[in-house]
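The values are calculated or read from the model by the stated rules, or taken from the named source; none is laboratory data. Values in this document were obtained by computation on a predicted structure and should not be read as measured data. Remember, those area values only see protein heavy atoms, side chains included, never the ligands or the DNA or RNA. Shrake-Rupley method; radii C 1.70, N 1.55, O 1.52, S 1.80 Å.
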Amino acid sequence: RIYYNMSILEKIARIYAPFCCIGCDTETDRMVCESCLGHLLRVPSRCYLCRMTTRNCQVCVRCRKISPLAAVIVFGVHEGLVKELVHKAKYERAKAGLHEMSGMMSSLVPYSSERDMVIVPVPTASSRVRERGYDQAVVLAKDISKTVSLQYFPVLVRLNQAHQVGSTRADRKRHVKNGFRVVKPDIVKGRSILLIDDVCTTGATLEEAARTLKRAGAASVYGLVFSQPN
């Protein structure tokens with residue numbers, strides 16, 4: 001089931017100024033119509049690093065030796081309509097696209113016995129936030145927390161403001177090394193954390209955020225992202 005988080009004003013706006021689906025150009029109340037939604041290329045359950053098939057998107061035994069993440073859950077392959085939706089939300093200020101992305105992601109939240117799980121966004125570089133007028137990870141995390149009734153805590157602060165687009169995994173790891181700080185360690189101590197971001201390219205940013213949270217006392221860290229390249 002896909003959930004959509006819209007304010008009353010957004011619902012009214014869509015009645016009087018509906019969207020055209022970015023896939024088929026049909027007039028609709030969403031950026032991706034129901035028909036095109038069914039054709040989005042989904043990511044199977046696999047290890048985010050080596051792409052080996054695993055249960056519940058867990059990190060495989062081999063990659064667990066180098067990754068602080070227990071699992072990374074990904075909604076779709078970063079191409080076609082999935083990629084276009086991300087691009088519009090990030091670079092064309094189509095914030096409504098983020099609400100649709102969060103709805104798709106909410107259906108994938110791991111419902112386990114770990115009800116102490118809290119949702120934490122991976123903060124975006126401040127220069128990007130100023131350009132867009134919002135932090136896409138924060139919007140996604142807030143939406144998801146409301147939908148699945150898990151607590152939302154923006155406890156990560158980004159210290160390194162380097163842009164990651166186009167960087168290799170080695171470059172990304174170097175750019176984000178020691179790039180985060182936890183402002184309220186008591187909140188994360190002994191808890192399971194669900195890290196939220198829009199795209200996982202190499203995983204370097206998610207990994208550094210997870211390491212920071214685990215150093216602050218988090219019991220386990222999972223990732224939930226909208227897309228990842230194949």
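Rolling a 1.4 Å probe over the protein heavy atoms gives the chain an accessible area of 48 Å² per residue. Under a 5 Å amide H cut-off, with hydrogens placed 1.01 Å from N, ILE73 pairs with GLY223, LEU224, VAL225 among residues at least 5 apart or on other chains.
ARG181 contributes an accessible area of around 120 Å² to the protein surface, as traced by a 1.4 Å probe with all chains present.
With every protein chain in place and a 1.4 angstrom probe, the accessible-area ranking of MET52, MET117, largest first, reads MET52, MET117.
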